[in-house]
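Below: one structure, written as structure tokens.
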Amino acid sequence: KQEVTQIPAALSVPEGENLVLNCSFTDSAIYNLQWFRQDPGKGLTSLLLIQSSQREQTSGRLNASLDKSSGRSTLYIAASQPGDSATYLCAVRGRDDKIIFGKGTRLHILP
Amino acid sequence: AAGVIQSPRHLIKEKRETATLKCYPIPRHDTVYWYQQGPGQDPQFLISFYEKMQSDKGSIPDRFSAQQFSDYHSELNMSSLELGDSALYFCASSRRATTNEKLFFGSGTQLSVL
């Protein structure tokens with residue numbers, strides 16, 4: 001059974017710093033891994049999707065990497081801003097089409 | 001671009017009442033997923049449909065049922081509501097799994113059971 005773990009559960013960093021969020025999964029038989037952002041009481045906004053054959057994807061200040069063999073993904077946020085404060089969730093889509101979420105990392109960027 | 005549309009945005013019900021949540025997927029998406037997210041929790045998978053047929057079932061209570069209609073919209077029916085059913089209910093849509101198909105979420109329905 002696929003299990004997805006996100007570390008840390010919460011993170012506070014000063015504005016301007018670079019940071020890394022971690023996501024690990026137990027079953028490497030995946031189609032893709034997707035990173036989402038969620039603001040309180042709001043829906044999930046897709047940030048980046050990495051296919052199983054890819055190593056990384058970039059969008060603006062965000063870079064996501066995938067090491068399928070070790071069951072790990074990281075989301076790198078460069079030059080953090082207060083507007084980046086949110087909960088970040090990773091979701092793994094298995095070859096059985098099940099989509100499993102991690103519990104998320106609550107990020108707080110200090111002005 | 002069209003997104004996943006959910007209605008209503010907010011819903012207040014009393015214990016033992018029923019509720020119906022609606023989801024309209026992105027056009028040409030053939031798969032719909034329903035998730036329940038309690039306060040401070042990660043989304044929990046309830047049920048999914050592919051081409052109007054139930055494709056997978058998660059932690060959906062027997063009091064809940066769902067279906068996908070010929071126009072691909074889906075409805076989640078919840079009966080005998082309990083206080084613990086208060087949560088944010090998300091619908092997501094996608095095309096059948098290939099390596100590069102993203103999952104798109106609606107804004108959710110906030111259900112409060114009093």
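Read-outs throughout are calculated quantities, based only on the coordinates presented, and are distinct from any laboratory measurement. Predicted model, so just to flag it, every value in this text is computed and none were measured. Every residue, glycine as well, gets a Cβ built from its backbone with ideal geometry; the counts of neighbours run over all protein chains shown.
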Problem - Environment charge of A:ASP39, counting only residues whose C-beta is closer than 13 Å and scoring Lys/Arg +1, Asp/Glu -1 - result: +2
Problem - Among the listed pairs A:LYS68/A:LYS98; B:LYS13/B:LYS52; A:LYS42/A:LYS68, those beyond 19 Å (Cα-Cα) - result: B:LYS13/B:LYS52; A:LYS42/A:LYS68
Practice task
Two decimals is fine: what is log10 I(q)/I(0) at q = 0.23, 0.25 Å⁻¹ for segment B:52-114, from a Debye sum with one equal scatterer on every Cα and no solvent?
Solution key: -1.19, -1.31
Fill in the blank from the handout: Relative contact order in percent for chain A (Cα pairs under 8 Å, 6+ apart) equals 37 percent
Handout entry: Summed residue charge, Cβ within 12 Å of B:SER79's Cβ, Lys/Arg positive, Asp/Glu negative
Key = 0
Exercise for the section: Please work out the C-alpha center-to-center distance from segment A:26-66 to segment B:5-55 and express it in whole Å. Expected result: 22 Å
Problem - Span per principal axis, largest first, for the Cα atoms of the protein assembly as shown (Å) - result: 49, 37, 35
Exercise for the section: Work through the residues other than B:PHE49 whose Cβ is under 11 Å from its Cβ and net out their charges, Lys, Arg +1 and Asp, Glu -1. Expected result: -2
Practice task
Between B:ASP30 and B:ILE12, with labels modelled 7 Å along Cα→Cβ, what's the label distance in nm to one decimal, could you check?
Solution key: 4.3 nm
Completion exercise
Under the rule rounded for a/c under 1.5, else prolate if a/b exceeds b/c, else oblate, using alpha carbon gyration tensor axes a ≥ b ≥ c, segment A:59-111 is classed as prolate
Completion exercise
Simple SL model, points at 7 angstrom along Cα→Cβ for A:HIS108 and B:ASP62; separation in nm is 4.4 nm
Fill in the blank from the handout: Rounded to whole angstroms and listed largest first, the alpha-carbon spread of chain A along its three principal axes comes to 42, 27, 20
